[in-house]
There are 2 protein chains.
Amino acid sequence: MFSQSEENYIKTIYHLETISNKGISTNAIAKKLETKASSVSDMIKKLSEKELVVYKKYQGVKLTPFGKKNAANIVRKHRLWEVFLVDKLNFSWDEVHEVAEQLEHIKSPKLINQLDALLGFPTHDPHGDPIPDKDGNLNVIDKILLSSLLKTETGVCVGVDDSSSEFLQFLDKKGITLGKKIKVLEKEDYDDSLTITIENQKLSISNKIANNIYIKKL
Amino acid sequence: MFSQSEENYIKTIYHLETISNKGISTNAIAKKLETKASSVSDMIKKLSEKELVVYKKYQGVKLTPFGKKNAANIVRKHRLWEVFLVDKLNFSWDEVHEVAEQLEHIKSPKLINQLDALLGFPTHDPHGDPIPDKDGNLNVIDKILLSSLLKTETGVCVGVDDSSSEFLQFLDKKGITLGKKIKVLEKEDYDDSLTITIENQKLSISNKIANNIYIKKL
DNA sequence: AATAATTTTTAGACAAGTCTAAAAATTATT
DNA sequence: AATAATTTTTAGACTTGTCTAAAAATTATT
(Lines give C-alpha, C1' and ligand atoms only; values in the text may rest on other atoms or scores of the structure.)
Protein backbone atom coordinates (compact mmCIF):
# COMPACT_ATOMS: atom_id res chain seq x y z
CA MET A 1 0.00 0.00 0.00
CA PHE A 2 0.97 3.61 -0.52
CA SER A 3 1.24 6.44 1.97
CA GLN A 4 -1.16 9.37 1.97
CA SER A 5 1.58 11.53 0.61
CA GLU A 6 2.33 9.14 -2.23
CA GLU A 7 -1.37 8.96 -3.01
CA ASN A 8 -1.62 12.72 -3.16
CA TYR A 9 1.25 12.88 -5.61
CA ILE A 10 -0.13 10.30 -8.03
CA LYS A 11 -3.58 11.85 -7.81
CA THR A 12 -2.10 15.21 -8.73
CA ILE A 13 -0.13 13.76 -11.62
CA TYR A 14 -3.31 12.05 -12.78
CA HIS A 15 -5.21 15.33 -12.80
CA LEU A 16 -2.40 17.15 -14.59
CA GLU A 17 -2.26 14.42 -17.23
CA THR A 18 -5.94 14.92 -18.06
CA ILE A 19 -5.07 18.50 -19.01
CA SER A 20 -1.75 18.22 -20.78
CA ASN A 21 -0.95 14.61 -21.79
CA LYS A 22 2.73 15.65 -21.97
CA GLY A 23 5.21 14.61 -19.32
CA ILE A 24 4.31 16.40 -16.10
CA SER A 25 6.95 18.81 -14.87
CA THR A 26 8.33 18.92 -11.36
CA ASN A 27 7.28 22.55 -11.07
CA ALA A 28 3.70 21.87 -12.14
CA ILE A 29 3.36 19.23 -9.44
CA ALA A 30 4.96 21.48 -6.84
CA LYS A 31 2.55 24.28 -7.66
CA LYS A 32 -0.54 22.08 -7.44
CA LEU A 33 0.56 20.49 -4.19
CA GLU A 34 1.80 23.79 -2.75
CA THR A 35 5.17 22.31 -1.99
CA LYS A 36 8.75 22.81 -3.18
CA ALA A 37 10.25 21.47 -6.37
CA SER A 38 12.97 19.76 -4.36
CA SER A 39 10.38 17.80 -2.40
CA VAL A 40 8.69 16.78 -5.62
CA SER A 41 12.00 15.69 -7.08
CA ASP A 42 12.62 13.47 -4.07
CA MET A 43 9.16 11.96 -4.15
CA ILE A 44 9.27 11.28 -7.87
CA LYS A 45 12.28 9.06 -7.32
CA LYS A 46 10.33 7.04 -4.83
CA LEU A 47 7.25 6.77 -7.03
CA SER A 48 9.49 5.67 -9.84
CA GLU A 49 11.05 2.91 -7.73
CA LYS A 50 7.54 1.73 -6.93
CA GLU A 51 6.69 1.57 -10.65
CA LEU A 52 3.93 4.14 -10.32
CA VAL A 53 5.55 6.60 -12.72
CA VAL A 54 8.11 6.62 -15.49
CA TYR A 55 10.76 9.18 -14.82
CA LYS A 56 13.85 10.42 -16.55
CA LYS A 57 15.80 13.24 -15.02
CA TYR A 58 14.80 16.70 -16.27
CA GLN A 59 12.03 15.22 -18.40
CA GLY A 60 9.01 15.22 -16.17
CA VAL A 61 6.93 12.26 -15.25
CA LYS A 62 4.20 10.00 -16.60
CA LEU A 63 1.98 7.55 -14.78
CA THR A 64 2.46 3.90 -15.66
CA PRO A 65 -0.72 1.87 -16.29
CA PHE A 66 -0.30 0.63 -12.73
CA GLY A 67 0.05 4.19 -11.47
CA LYS A 68 -2.94 5.33 -13.47
CA LYS A 69 -5.10 2.55 -12.08
CA ASN A 70 -4.16 3.49 -8.56
CA ALA A 71 -4.71 7.18 -9.19
CA ALA A 72 -8.12 6.56 -10.75
CA ASN A 73 -9.08 4.55 -7.70
CA ILE A 74 -8.23 7.43 -5.41
CA VAL A 75 -10.26 9.80 -7.58
CA ARG A 76 -13.09 7.25 -7.55
CA LYS A 77 -13.04 7.20 -3.77
CA HIS A 78 -12.88 10.98 -3.54
CA ARG A 79 -15.88 11.46 -5.81
CA LEU A 80 -17.99 8.71 -4.27
CA TRP A 81 -17.43 10.24 -0.85
CA GLU A 82 -18.48 13.62 -2.23
CA VAL A 83 -21.74 12.12 -3.46
CA PHE A 84 -22.23 10.52 -0.07
CA LEU A 85 -21.70 13.81 1.74
CA VAL A 86 -24.19 15.66 -0.47
CA ASP A 87 -26.83 12.96 -0.90
CA LYS A 88 -26.78 11.37 2.54
CA LEU A 89 -25.34 13.96 4.91
CA ASN A 90 -26.81 17.16 3.49
CA PHE A 91 -23.51 18.83 2.71
CA SER A 92 -23.64 21.48 0.01
CA TRP A 93 -21.39 21.14 -3.03
CA ASP A 94 -18.98 23.77 -1.75
CA GLU A 95 -18.35 21.95 1.55
CA VAL A 96 -17.35 18.50 0.38
CA HIS A 97 -13.85 18.86 -0.96
CA GLU A 98 -11.73 19.04 2.20
CA VAL A 99 -13.54 16.17 3.87
CA ALA A 100 -13.30 14.04 0.73
CA GLU A 101 -9.55 14.79 0.65
CA GLN A 102 -9.33 12.95 3.94
CA LEU A 103 -11.79 10.17 3.17
CA GLU A 104 -10.17 9.26 -0.15
CA HIS A 105 -7.24 7.69 1.73
CA ILE A 106 -9.31 5.17 3.68
CA LYS A 107 -8.30 1.67 2.64
CA SER A 108 -11.14 -0.81 2.30
CA PRO A 109 -12.35 -2.12 -1.06
CA LYS A 110 -15.53 -3.44 0.54
CA LEU A 111 -16.28 -0.03 2.01
CA ILE A 112 -16.09 1.61 -1.40
CA ASN A 113 -18.08 -1.04 -3.21
CA GLN A 114 -20.85 -0.93 -0.64
CA LEU A 115 -20.83 2.86 -0.61
CA ASP A 116 -21.17 2.80 -4.40
CA ALA A 117 -24.22 0.56 -4.03
CA LEU A 118 -25.73 2.67 -1.23
CA LEU A 119 -25.50 5.71 -3.48
CA GLY A 120 -27.06 3.89 -6.44
CA PHE A 121 -23.88 3.61 -8.51
CA PRO A 122 -23.56 7.30 -9.34
CA THR A 123 -21.66 8.26 -12.50
CA HIS A 124 -20.84 11.85 -11.55
CA ASP A 125 -19.91 13.72 -8.41
CA PRO A 126 -21.68 16.86 -7.11
CA HIS A 127 -19.56 19.09 -9.36
CA GLY A 128 -20.37 17.08 -12.48
CA ASP A 129 -17.04 15.28 -12.62
CA PRO A 130 -17.21 11.65 -13.75
CA ILE A 131 -16.57 8.86 -11.23
CA PRO A 132 -14.07 6.25 -12.46
CA ASP A 133 -15.37 2.67 -12.31
CA LYS A 134 -13.57 -0.15 -10.49
CA ASP A 135 -11.16 -0.59 -13.39
CA GLY A 136 -10.40 3.12 -13.56
CA ASN A 137 -12.38 3.82 -16.71
CA LEU A 138 -14.46 6.90 -16.87
CA ASN A 139 -17.36 7.99 -18.90
CA VAL A 140 -16.54 11.43 -20.29
CA ILE A 141 -19.43 13.37 -21.75
CA ASP A 142 -18.75 15.97 -24.40
CA LYS A 143 -19.13 19.13 -22.41
CA ILE A 144 -18.01 22.58 -23.48
CA LEU A 145 -17.35 25.80 -21.63
CA LEU A 146 -20.27 28.15 -21.26
CA SER A 147 -17.99 30.85 -22.67
CA SER A 148 -17.87 28.98 -25.98
CA LEU A 149 -21.65 28.97 -26.44
CA LEU A 150 -22.82 31.38 -29.14
CA LYS A 151 -25.64 33.89 -28.97
CA THR A 152 -29.10 32.21 -29.01
CA GLU A 153 -27.61 28.78 -28.21
CA THR A 154 -28.92 26.73 -25.28
CA GLY A 155 -27.34 24.11 -23.01
CA VAL A 156 -27.57 22.36 -19.66
CA CYS A 157 -25.10 23.02 -16.87
CA VAL A 158 -23.19 19.75 -16.37
CA GLY A 159 -20.11 20.76 -14.41
CA VAL A 160 -17.67 23.36 -13.14
CA ASP A 161 -13.98 23.79 -13.76
CA ASP A 162 -13.30 25.58 -10.48
CA SER A 163 -14.56 23.71 -7.43
CA SER A 164 -13.47 26.29 -4.88
CA SER A 165 -16.12 27.03 -2.31
CA GLU A 166 -16.06 30.75 -3.18
CA PHE A 167 -16.98 30.04 -6.77
CA LEU A 168 -19.60 27.43 -5.89
CA GLN A 169 -21.23 29.73 -3.36
CA PHE A 170 -21.32 32.44 -5.99
CA LEU A 171 -23.10 30.06 -8.36
CA ASP A 172 -25.57 29.13 -5.63
CA LYS A 173 -26.33 32.81 -5.09
CA LYS A 174 -27.03 33.24 -8.80
CA GLY A 175 -29.13 30.07 -8.95
CA ILE A 176 -26.70 28.29 -11.24
CA THR A 177 -26.57 24.59 -10.34
CA LEU A 178 -26.09 21.30 -12.18
CA GLY A 179 -28.96 20.40 -14.48
CA LYS A 180 -30.20 23.94 -15.02
CA LYS A 181 -30.97 25.02 -18.59
CA ILE A 182 -29.09 28.09 -19.80
CA LYS A 183 -29.68 30.18 -22.92
CA VAL A 184 -27.28 32.81 -24.19
CA LEU A 185 -29.17 35.98 -25.05
CA GLU A 186 -26.25 38.33 -25.61
CA LYS A 187 -22.49 38.13 -25.90
CA GLU A 188 -20.54 41.40 -25.51
CA ASP A 189 -17.61 41.75 -27.83
CA TYR A 190 -15.92 44.20 -25.51
CA ASP A 191 -15.39 41.96 -22.45
CA ASP A 192 -16.94 38.64 -23.55
CA SER A 193 -19.52 38.92 -20.82
CA LEU A 194 -22.79 37.06 -21.36
CA THR A 195 -26.42 37.75 -20.79
CA ILE A 196 -28.18 34.46 -20.15
CA THR A 197 -31.58 33.19 -19.08
CA ILE A 198 -31.77 30.55 -16.38
CA GLU A 199 -35.11 29.50 -14.86
CA ASN A 200 -36.82 32.43 -16.64
CA GLN A 201 -34.40 34.86 -14.98
CA LYS A 202 -32.17 37.17 -16.97
CA LEU A 203 -28.60 37.25 -15.68
CA SER A 204 -25.36 38.90 -16.68
CA ILE A 205 -22.13 37.02 -16.07
CA SER A 206 -18.49 37.82 -16.75
CA ASN A 207 -16.23 35.85 -19.04
CA LYS A 208 -14.27 34.63 -16.03
CA ILE A 209 -17.41 33.01 -14.66
CA ALA A 210 -18.44 31.59 -18.04
CA ASN A 211 -14.98 30.07 -18.37
CA ASN A 212 -15.55 27.95 -15.31
CA ILE A 213 -18.93 26.46 -16.16
CA TYR A 214 -19.38 23.37 -18.32
CA ILE A 215 -22.38 23.02 -20.56
CA LYS A 216 -23.86 20.22 -22.59
CA LYS A 217 -25.24 21.73 -25.77
CA LEU A 218 -28.89 21.16 -26.60
CA MET B 1 -5.31 19.33 15.98
CA PHE B 2 -3.58 16.13 16.91
CA SER B 3 -1.80 13.59 14.77
CA GLN B 4 -3.19 10.12 14.16
CA SER B 5 -0.50 8.74 16.36
CA GLU B 6 -1.33 11.10 19.21
CA GLU B 7 -4.99 10.24 18.82
CA ASN B 8 -4.22 6.53 19.03
CA TYR B 9 -2.30 7.06 22.24
CA ILE B 10 -5.00 9.05 24.02
CA LYS B 11 -7.67 6.63 22.83
CA THR B 12 -5.66 3.75 24.28
CA ILE B 13 -5.12 5.56 27.57
CA TYR B 14 -8.86 6.29 27.66
CA HIS B 15 -9.68 2.61 27.24
CA LEU B 16 -7.15 1.55 29.86
CA GLU B 17 -8.58 4.07 32.32
CA THR B 18 -12.05 2.55 32.01
CA ILE B 19 -10.55 -0.69 33.31
CA SER B 20 -8.12 0.39 36.00
CA ASN B 21 -8.67 4.05 37.05
CA LYS B 22 -5.08 4.02 38.38
CA GLY B 23 -2.28 5.82 36.55
CA ILE B 24 -1.68 4.02 33.28
CA SER B 25 1.77 2.47 33.00
CA THR B 26 4.10 2.91 30.06
CA ASN B 27 4.22 -0.84 29.59
CA ALA B 28 0.44 -1.22 29.53
CA ILE B 29 0.21 1.35 26.75
CA ALA B 30 3.07 -0.26 24.85
CA LYS B 31 1.39 -3.64 25.02
CA LYS B 32 -1.97 -2.36 23.81
CA LEU B 33 -0.44 -0.39 20.96
CA GLU B 34 2.01 -3.14 20.10
CA THR B 35 4.94 -0.77 20.31
CA LYS B 36 7.99 -0.35 22.53
CA ALA B 37 8.05 1.21 25.97
CA SER B 38 10.66 3.67 24.80
CA SER B 39 8.35 4.96 22.10
CA VAL B 40 5.57 5.34 24.63
CA SER B 41 7.86 7.20 26.96
CA ASP B 42 8.71 9.67 24.20
CA MET B 43 5.12 10.17 23.18
CA ILE B 44 3.93 10.67 26.74
CA LYS B 45 6.22 13.64 27.04
CA LYS B 46 4.63 15.17 24.00
CA LEU B 47 1.08 14.50 25.17
CA SER B 48 1.99 16.03 28.47
CA GLU B 49 3.28 19.20 26.82
CA LYS B 50 0.00 19.42 24.95
CA GLU B 51 -1.93 19.16 28.24
CA LEU B 52 -3.65 15.96 27.20
CA VAL B 53 -2.22 13.93 30.05
CA VAL B 54 -0.70 14.46 33.47
CA TYR B 55 2.60 12.76 33.74
CA LYS B 56 5.27 12.31 36.37
CA LYS B 57 8.27 10.20 35.57
CA TYR B 58 7.94 6.57 36.60
CA GLN B 59 4.37 7.12 37.75
CA GLY B 60 2.27 6.42 34.71
CA VAL B 61 -0.16 8.74 33.10
CA LYS B 62 -3.69 10.10 33.48
CA LEU B 63 -5.83 11.95 30.98
CA THR B 64 -6.66 15.54 31.84
CA PRO B 65 -10.32 16.60 31.39
CA PHE B 66 -9.20 18.06 28.07
CA GLY B 67 -7.53 14.80 27.11
CA LYS B 68 -10.54 12.80 28.16
CA LYS B 69 -12.87 14.94 26.09
CA ASN B 70 -10.69 14.47 23.04
CA ALA B 71 -10.37 10.74 23.62
CA ALA B 72 -14.12 10.34 24.06
CA ASN B 73 -14.65 12.14 20.78
CA ILE B 74 -12.39 9.70 18.97
CA VAL B 75 -14.25 6.79 20.53
CA ARG B 76 -17.52 8.45 19.53
CA LYS B 77 -16.36 8.68 15.95
CA HIS B 78 -15.10 5.11 15.93
CA ARG B 79 -18.38 3.70 17.21
CA LEU B 80 -20.61 5.84 15.00
CA TRP B 81 -18.65 4.69 11.96
CA GLU B 82 -19.08 1.08 13.11
CA VAL B 83 -22.84 1.57 13.24
CA PHE B 84 -22.72 3.11 9.78
CA LEU B 85 -20.78 0.17 8.38
CA VAL B 86 -23.19 -2.37 9.80
CA ASP B 87 -26.49 -0.53 9.31
CA LYS B 88 -25.83 1.16 5.97
CA LEU B 89 -23.09 -0.82 4.27
CA ASN B 90 -23.98 -4.37 5.31
CA PHE B 91 -20.75 -5.10 7.11
CA SER B 92 -20.94 -7.79 9.76
CA TRP B 93 -19.89 -6.99 13.31
CA ASP B 94 -16.59 -8.79 12.94
CA GLU B 95 -15.52 -6.73 9.91
CA VAL B 96 -15.93 -3.19 11.17
CA HIS B 97 -13.02 -2.63 13.52
CA GLU B 98 -10.09 -2.07 11.14
CA VAL B 99 -12.04 0.27 8.90
CA ALA B 100 -13.35 2.24 11.87
CA GLU B 101 -9.75 2.54 13.11
CA GLN B 102 -9.07 4.53 9.96
CA LEU B 103 -12.32 6.49 9.82
CA GLU B 104 -12.09 7.66 13.44
CA HIS B 105 -9.28 10.04 12.46
CA ILE B 106 -11.29 12.00 9.87
CA LYS B 107 -11.64 15.59 11.03
CA SER B 108 -15.01 17.17 10.39
CA PRO B 109 -17.48 17.94 13.16
CA LYS B 110 -20.27 18.40 10.63
CA LEU B 111 -19.57 14.99 9.16
CA ILE B 112 -19.97 13.32 12.52
CA ASN B 113 -23.06 15.23 13.55
CA GLN B 114 -24.78 14.47 10.26
CA LEU B 115 -23.71 10.85 10.41
CA ASP B 116 -25.17 10.64 13.90
CA ALA B 117 -28.48 11.95 12.53
CA LEU B 118 -28.42 9.64 9.50
CA LEU B 119 -28.04 6.69 11.85
CA GLY B 120 -30.86 7.87 14.11
CA PHE B 121 -28.67 8.93 17.05
CA PRO B 122 -27.61 5.45 18.08
CA THR B 123 -26.56 4.90 21.70
CA HIS B 124 -24.53 1.72 21.20
CA ASP B 125 -22.21 0.30 18.56
CA PRO B 126 -22.57 -3.14 16.93
CA HIS B 127 -20.69 -4.79 19.81
CA GLY B 128 -22.92 -3.24 22.45
CA ASP B 129 -20.43 -0.59 23.52
CA PRO B 130 -21.92 2.81 24.38
CA ILE B 131 -21.37 5.78 22.06
CA PRO B 132 -20.17 8.91 23.88
CA ASP B 133 -22.29 12.00 23.19
CA LYS B 134 -20.88 15.29 21.90
CA ASP B 135 -19.68 16.23 25.37
CA GLY B 136 -18.00 12.88 25.90
CA ASN B 137 -20.58 11.52 28.35
CA LEU B 138 -21.68 7.99 28.00
CA ASN B 139 -24.66 6.05 29.11
CA VAL B 140 -23.35 2.94 30.81
CA ILE B 141 -25.89 0.19 31.41
CA ASP B 142 -25.35 -2.25 34.25
CA LYS B 143 -24.23 -5.28 32.37
CA ILE B 144 -22.57 -8.34 33.88
CA LEU B 145 -20.53 -11.16 32.45
CA LEU B 146 -22.45 -14.22 31.32
CA SER B 147 -20.05 -16.23 33.47
CA SER B 148 -21.45 -14.56 36.59
CA LEU B 149 -25.04 -15.61 35.87
CA LEU B 150 -26.26 -18.36 38.20
CA LYS B 151 -28.07 -21.54 37.28
CA THR B 152 -31.71 -20.89 36.22
CA GLU B 153 -31.06 -17.14 35.74
CA THR B 154 -31.94 -15.40 32.48
CA GLY B 155 -30.53 -12.37 30.68
CA VAL B 156 -30.21 -10.60 27.36
CA CYS B 157 -26.94 -10.44 25.47
CA VAL B 158 -25.95 -6.75 25.43
CA GLY B 159 -22.26 -6.79 24.53
CA VAL B 160 -18.94 -8.56 24.19
CA ASP B 161 -15.64 -8.00 25.91
CA ASP B 162 -13.54 -9.38 23.06
CA SER B 163 -14.27 -7.78 19.69
CA SER B 164 -11.81 -9.85 17.69
CA SER B 165 -13.25 -11.18 14.47
CA GLU B 166 -12.42 -14.77 15.49
CA PHE B 167 -14.55 -14.49 18.61
CA LEU B 168 -17.38 -12.66 16.86
CA GLN B 169 -17.48 -15.22 14.07
CA PHE B 170 -17.59 -17.95 16.66
CA LEU B 171 -20.60 -16.26 18.26
CA ASP B 172 -22.29 -15.94 14.87
CA LYS B 173 -21.80 -19.66 14.31
CA LYS B 174 -23.43 -20.41 17.64
CA GLY B 175 -26.26 -17.97 17.01
CA ILE B 176 -25.23 -15.68 19.86
CA THR B 177 -25.88 -12.05 18.87
CA LEU B 178 -26.89 -8.84 20.62
CA GLY B 179 -30.46 -8.86 21.90
CA LYS B 180 -30.77 -12.63 22.21
CA LYS B 181 -32.24 -14.03 25.41
CA ILE B 182 -30.05 -16.51 27.26
CA LYS B 183 -30.97 -18.81 30.14
CA VAL B 184 -28.43 -20.75 32.20
CA LEU B 185 -29.55 -24.38 32.57
CA GLU B 186 -26.39 -25.83 34.09
CA LYS B 187 -23.11 -24.60 35.49
CA GLU B 188 -20.33 -27.19 35.86
CA ASP B 189 -18.25 -26.82 38.98
CA TYR B 190 -15.33 -28.63 37.40
CA ASP B 191 -14.54 -26.18 34.54
CA ASP B 192 -17.20 -23.48 34.99
CA SER B 193 -18.66 -24.34 31.60
CA LEU B 194 -22.31 -23.45 31.05
CA THR B 195 -25.26 -25.11 29.42
CA ILE B 196 -27.58 -22.40 28.15
CA THR B 197 -30.69 -22.05 26.05
CA ILE B 198 -30.79 -19.45 23.31
CA GLU B 199 -33.66 -19.31 20.79
CA ASN B 200 -34.94 -22.64 22.10
CA GLN B 201 -31.58 -24.24 21.37
CA LYS B 202 -29.51 -25.94 24.02
CA LEU B 203 -25.85 -24.98 23.87
CA SER B 204 -22.74 -25.73 25.87
CA ILE B 205 -20.11 -23.01 26.20
CA SER B 206 -16.78 -22.83 27.99
CA ASN B 207 -15.97 -20.40 30.76
CA LYS B 208 -13.60 -18.55 28.46
CA ILE B 209 -16.51 -17.80 26.12
CA ALA B 210 -18.86 -16.88 28.96
CA ASN B 211 -16.22 -14.48 30.26
CA ASN B 212 -16.40 -12.46 27.08
CA ILE B 213 -20.15 -12.01 26.79
CA TYR B 214 -22.05 -9.26 28.59
CA ILE B 215 -25.57 -9.84 29.81
CA LYS B 216 -28.29 -7.66 31.18
CA LYS B 217 -30.09 -9.63 33.85
CA LEU B 218 -33.82 -10.11 33.51
C1' DA C 1 27.10 30.51 -29.93
C1' DA C 2 27.60 32.60 -25.68
C1' DT C 3 25.08 34.42 -21.87
C1' DA C 4 20.98 34.82 -19.12
C1' DA C 5 16.95 32.91 -17.11
C1' DT C 6 14.56 29.07 -15.66
C1' DT C 7 13.93 24.46 -14.15
C1' DT C 8 15.46 20.56 -11.85
C1' DT C 9 18.36 18.06 -8.91
C1' DT C 10 21.50 17.39 -5.04
C1' DA C 11 23.34 18.09 -0.48
C1' DG C 12 22.47 18.73 4.02
C1' DA C 13 19.22 19.79 7.75
C1' DC C 14 15.03 19.16 10.45
C1' DA C 15 10.60 17.20 12.72
C1' DA C 16 7.76 13.22 13.80
C1' DG C 17 7.61 8.79 15.15
C1' DT C 18 9.73 4.67 15.74
C1' DC C 19 13.48 1.36 17.20
C1' DT C 20 17.64 -0.99 19.89
C1' DA C 21 20.69 -0.99 23.55
C1' DA C 22 22.00 0.64 27.75
C1' DA C 23 21.37 3.30 32.01
C1' DA C 24 18.47 4.69 35.83
C1' DA C 25 14.73 4.16 38.88
C1' DT C 26 11.40 1.39 41.09
C1' DT C 27 9.54 -2.80 43.02
C1' DA C 28 10.01 -7.52 44.62
C1' DT C 29 12.58 -11.12 46.88
C1' DT C 30 15.53 -13.28 49.76
C1' DA D 1 18.61 -4.02 53.86
C1' DA D 2 20.92 -5.79 50.04
C1' DT D 3 20.30 -8.00 45.76
C1' DA D 4 17.50 -9.39 41.91
C1' DA D 5 13.92 -8.51 38.68
C1' DT D 6 11.19 -5.40 36.41
C1' DT D 7 9.85 -1.07 34.60
C1' DT D 8 10.93 3.21 32.71
C1' DT D 9 13.79 6.50 30.66
C1' DT D 10 17.64 8.16 27.87
C1' DA D 11 20.87 8.17 24.09
C1' DG D 12 21.57 7.53 19.58
C1' DA D 13 20.05 5.84 15.12
C1' DC D 14 16.76 5.27 11.25
C1' DT D 15 12.70 6.41 8.00
C1' DT D 16 9.46 9.46 5.82
C1' DG D 17 8.53 13.65 4.14
C1' DT D 18 9.65 18.13 4.12
C1' DC D 19 12.66 22.39 3.65
C1' DT D 20 16.67 25.86 2.19
C1' DA D 21 20.56 26.82 -0.38
C1' DA D 22 23.48 25.76 -3.91
C1' DA D 23 24.85 23.20 -8.05
C1' DA D 24 23.72 21.28 -12.51
C1' DA D 25 21.05 20.93 -16.57
C1' DT D 26 17.91 22.82 -19.79
C1' DT D 27 15.71 26.45 -22.33
C1' DA D 28 15.45 31.20 -23.92
C1' DT D 29 17.57 35.43 -25.47
C1' DT D 30 20.59 38.37 -27.46
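The values are calculated or read from the model by the stated rules, or taken from the named source; none is laboratory data. Predicted model, so just to flag it, every value in this text is computed and none were measured. Backbone-built Cβ (ideal geometry, glycine too); neighbour counts: all protein chains shown. Side chains included, ligands, DNA and RNA excluded: accessible areas come from the protein's heavy atoms. Shrake-Rupley method; radii C 1.70, N 1.55, O 1.52, S 1.80 Å.
For chain A, what does the helix formula give at 222 nm: sum of -39500 (n - 2.57) over DSSP H segments with n ≥ 4, over the residue count, nearest 500 deg cm²/dmol? Could the numbers behind the result be given before it?
Working: 8 runs with 93 residues, N = 218.
It comes out at -13000 deg cm²/dmol, rounded to the nearest 500.
Taking a point 7 Å out from Cα toward Cβ as the label site, list the nm distances between B:GLU6 and the same residue in every other copy, smallest first.
2.6
Tell me the relative contact order for the range B:59-187 as a rounded percent, counting alpha carbon contacts under 8 Å between residues six or more apart. Write down the numbers at each step before the final one.
Values: 134 pairs, mean separation 33.5, N = 129.
Reported as a whole number, the value is 26 percent.
Under the definition of Cα pairs under 8 Å and six or more residues apart, what whole-number percent is the relative contact order of chain B? List each step's numbers first, then the result.
Working: 327 pairs, mean separation 33.9, N = 218.
Contact order relative to length: 16 percent.
Mind listing the label-point distances from B:LYS134 to the same position on all other copies, shortest first, one decimal in nm, points 7 Å along Cα→Cβ?
The answer, with the shortest distance listed first, is 4.0 nm.
Pairs A:LYS32/A:LYS77; A:LYS50/A:LYS110; A:LYS36/A:LYS134; A:LYS22/A:LYS174: which exceed 28 Å Cα-Cα?
Numbers: A:LYS32/A:LYS77 20 Å; A:LYS50/A:LYS110 25 Å; A:LYS36/A:LYS134 33 Å; A:LYS22/A:LYS174 37 Å.
Result: A:LYS36/A:LYS134; A:LYS22/A:LYS174 exceed 28 Å.
What nm distance separates the two modelled labels at B:ASP162 and A:GLU98, each placed 7 Å from Cα along Cα→Cβ?
In this crude spin-label approximation the distance works out to 4.3 nm.
Report, in debye and to the nearest 20, how large the dipole of the range A:114-218 comes out about its Cα centre when Lys and Arg carry +1 and Asp and Glu carry -1 on their Cβ. Show your work: numbers first, answer last.
Values: 13 positive and 17 negative charges, 91 e Å.
Here the range A:114-218 has a charge dipole of around 440 debye.
Shape verdict for the range A:4-63, please, from the Cα gyration tensor: rounded (a/c under 1.5), prolate (a/b greater than b/c) or oblate. Kindly include the intermediate steps, with their values, before the conclusion.
Values: a/c = 1.17, a/b = 1.04, b/c = 1.12.
Verdict is rounded for the range A:4-63.
Using mean Cβ contacts within 10 Å as the protection proxy, how do B:209-217, A:185-193 order, highest first?
Numbers: B:209-217: 19.0, A:185-193: 11.7.
Descending packing order for the listed peptides: B:209-217, A:185-193.
Just subtract the alpha-carbon distance of A:SER5 and A:LEU218 from 0.36 nm times their residue separation and send over the number in nm, one decimal.
72.5 nm
Within 12 Å, Cβ to Cβ, of B:LYS110, how many net charges do the neighbouring residues add up to if Lys/Arg are +1 and Asp/Glu are -1?
Working: positive: B:LYS107; negative: A:GLU95, A:GLU98, B:ASP116.
For residues surrounding B:LYS110, the net value is -2.
Tell me, what % of the accessible area of the range A:144-217 is carbon and sulfur with a 1.4 angstrom probe?
On the way: 1850 of 4100 Å².
Carbon and sulfur: 45 percent of the exposed surface of the range A:144-217.
Could you point to the residue in B:SER39, A:PHE2, A:GLY175 farthest towards the positive end of the protein assembly as shown's charge dipole, with +1 and -1 charges on the Cβ of Lys/Arg and Asp/Glu respectively?
B:SER39
Using only protein heavy atoms and a 1.4 angstrom probe, determine the accessible area buried between A and B, summed over both sides, in Å² to the nearest 100.
Numbers: alone 12380 and 12370 Å², together 23090 Å².
Between A and B, the summed buried area is about 1700 Å².
Highest mean first, how do B:90-99, B:74-83 rank when packing is the count of other Cβ atoms within 10 Å averaged over residues? Intermediate values should be presented prior to the final figure.
Numbers: B:90-99: 18.3, B:74-83: 23.2.
Taking the mean over residues of other Cβ atoms within 10 Å, the ranking is B:74-83, B:90-99.
Kindly give the distances from B:ASP87 to its copy-mates, label point to label point, with each label point 7 Å from Cα along Cα→Cβ, as nm values to one decimal ordered shortest first.
With the label placed 7 Å along Cα→Cβ, B:ASP87 yields 1.9 nm.
With viscosity set to 1.002 mPa s at 20 °C, what whole-number translational diffusion coefficient in µm²/s follows for chain B from Stokes-Einstein and a Kirkwood radius over Cα pairs?
Details: Rh = 18.8 Å.
Result for D is 114 µm²/s.
Please work out the average accessible area per residue across the protein assembly as shown, using the 1.4 Å probe convention, and give it in Å².
Details: 23090 Å² over 436 residues.
Heavy-atom SASA per residue in the protein assembly as shown reads 53 Å².
Which whole-number percent is the relative contact order of the range A:144-217 (Cα, under 8 Å, 6+ apart)? Before the final figure, lay out each step's value.
Numbers: 136 pairs, mean separation 33.5, N = 74.
So the answer I get is 45 percent.
Quick one: 3J(HN,Hα) in Hz for the range A:173-182, Karplus 6.51/-1.76/1.60 with θ = phi - 60°, rounded, Gly and Pro as x.
My calculation for the range A:173-182 gives 4, 7, x, 9, 9, 4, x, 6, 8, 10 Hz in order.
How much accessible area does A:VAL140 have with a 1.4 Å probe, in Å² rounded to the nearest 10?
Approximately 110 Å² of A:VAL140 is accessible to the 1.4 Å probe.
Please name whichever of B:SER147, B:PRO122, B:HIS97 sits farthest to the positive end of the charge dipole of the range B:68-154, dipole taken about the Cα centre and charges placed at Cβ: Lys and Arg +1, Asp and Glu -1.
So the residue we want is B:PRO122.
Give me the angle, in degrees from 0 to 90, between the Cα long axis of helix A:109-118 and the longest principal axis of the Cα atoms of chain A, rounded to the nearest 10.
20 degrees
Starting with the highest mean, order B:26-33, A:55-62 by the number of other Cβ atoms within 10 Å, averaged over the residues of each peptide.
B:26-33, A:55-62
For the range A:1-59 and the range B:139-175, what is the separation of their Cα centres, given in Å?
Centre-to-centre (Cα) distance: 51 Å.
Find out how many positive minus negative residues lie around A:ASN137, taking Lys and Arg as positive, Asp and Glu as negative, among other residues whose Cβ is under 13 Å from that of A:ASN137.
Details: positive: A:LYS68, A:LYS69, A:ARG76, A:LYS134; negative: A:ASP133, A:ASP135.
Counting the neighbours of A:ASN137, the net charge comes to +2.
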